[in-house]
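Presented below is the structure to which this report refers.
The values are calculated or read from the model by the stated rules, or taken from the named source; none is laboratory data. Keep in mind it's a predicted model, so treat the numbers as computed, not measured. Note that we place each Cβ from the backbone using ideal geometry, even for glycine, and neighbour counts take in every protein chain shown.
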Amino acid sequence: MTITHHPADDTLLRHATGALNAGLALVVEAHLTGCPQCRARVAGFEALGGALMEAEKLEPLAPAAFAEVLARLDEPPPVTTAPHVPRRAMLHLPPGMKLPDVLAGCDIGRWLWFGPGVRYSQVRLPWAPEANVMLLRVAANRGVVTHSHALHELTQILHGGYSDCTGSYGPGDMAEGDELLLHQPRADAEGCLCLAALEGGLRLGGWLGRLQRRLGQ
Amino acid sequence: MSAVDQPSPLDAAAQARLIGLVAAARDRQAFAALFKHFAPRLKAFHLRAGLSGGAAEELAQETMLMLWRKAESFDPARAGAATWVYTITRNLRIDQARRQRGPAPQLPEEEFSPSPEAITLESEQAARMREALAVLSGEQRRVIELSFFSDTPHAAIAQVLNLPLGTVKSRIRLALVRLRDALGAD
């Protein structure tokens, strides 16, 4: 698997600082799992965070702070609540395809019709129910109508691929879209299955909403 | 290495060694030294990120507690001690912000395999990082710092510096180009 499209440095930096919302962070994690180059980059940004923290002046803690922490060292770690048992629809994935490990704790809905040749399945993150994440599947050789994106959007290709004015995307690649990208993706002969997340907590807002409205016209 | 050049009482190798002692022997003296070093910096870091004094103090304490509990998972071959502490405190802050209802997915941790060579390498990386920060211009350093110290970096930075968003983005990009050598990878 050759990865040719990576997240922008800005995006990796925001991931390393914890500033990405839970949905975008999940899609970045899916990319990092398969991309040693971006993992090294994020590790570099985390080292930058460590260096900035090291360079901080000393802000004294309350006089009792150390004693308080010492007193808690032998406490058992907090009991974690019963793990969420994910609800997952049968998705009938392409033969040999496996969903990324980062989706292990997520609820995954069934495929819903979204337009000719386009289906989506909603992904719910139990730790961030407001996150707007979905699997998106475009049938072989199908085009998606020209659309733009309202906000920052990340798409990780899981299977198959597509091409648009910015290039060809295959498994392991990540595409970034924002309000400046206007494109008309066309799926490869294998079709295209990807994991996508949007900035903001809108449901079917942003480009999906607009796409849907256009399809309805 | 003179005491004047080294305002931090603990260098990276000493930090890694002390975390190793906490992991191997639950060594409270080692923990005390780590607390003395990291806790005031963590509090300052979170104060700068906009937390109240109370919240910054609590997060510093929680981070130290987590350092004690997770010391075994520190692998000096993968990250320097300060970097590791930074990721702990970042994750705690994310958790707090989300008031999470379930555990976030975690990539499998690789085995703990410290080696003196790895520790030396990491110390060198930390030193390179400090040097790289020093070459940034004042305004470049400011946008990088703000990236770490605000939750919605670009928009917040633009607001704080009273600059257009595009200017902030290009400043960050320029600063990152200058840091590229120190950050390793490609």
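Quick look at the values:
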{"quantity": "Residue in the stretch A:28-42 that is touching a Pro at 6+ places or on another chain (Cβ under 7 Å) and closer than 24 Å to B:His46 by Cα present", "calculated": "no"}
{"quantity": "Unique match (being away from chain A (no Cβ under 12 Å), crowded, with 19+ Cβ neighbours inside 10 Å, among the hydrophobic types (A, V, I, L, M, F, W, C) and out of contact with any Pro (no Cβ under 6 Å at 6 or more places or on another chain)) among B:Leu18, B:Leu34", "calculated": "B:Leu18"}
{"quantity": "Every pair of residues 6+ apart whose Cβ atoms lie under 6 Å, when the first sits in the stretch B:157-175 and is more than 15 Å from B:Gly138 (Cα to Cα) while the second is part of a helix (DSSP H, G or I) and of a type in the set (Val, Ile, Thr)", "calculated": "B:Ala158/B:Val168"}
{"quantity": "Residue match in the stretch B:4-18 (condition: charged (D, E, K, R), in contact with a Leu (Cβ under 9 Å, 6 or more places away or on another chain) and outside the structural domain of B:Val143 (by TED's automatic domain parsing))", "calculated": "no"}
{"quantity": "Selection within the stretch B:132-163 - modelled with pLDDT under 75, facing chain A (nearest Cβ under 8 Å) and closer than 20 Å to B:Ala56 by Cβ", "calculated": "B:Ser150, B:Asp151, B:Thr152, B:Pro153"}
{"quantity": "Residues (modelled with pLDDT of 90 or more, under 14 Å from the mean Cα position of the chain (by Cα) and not in a strand (DSSP E or B)) located in the stretch A:112-159", "calculated": "none"}
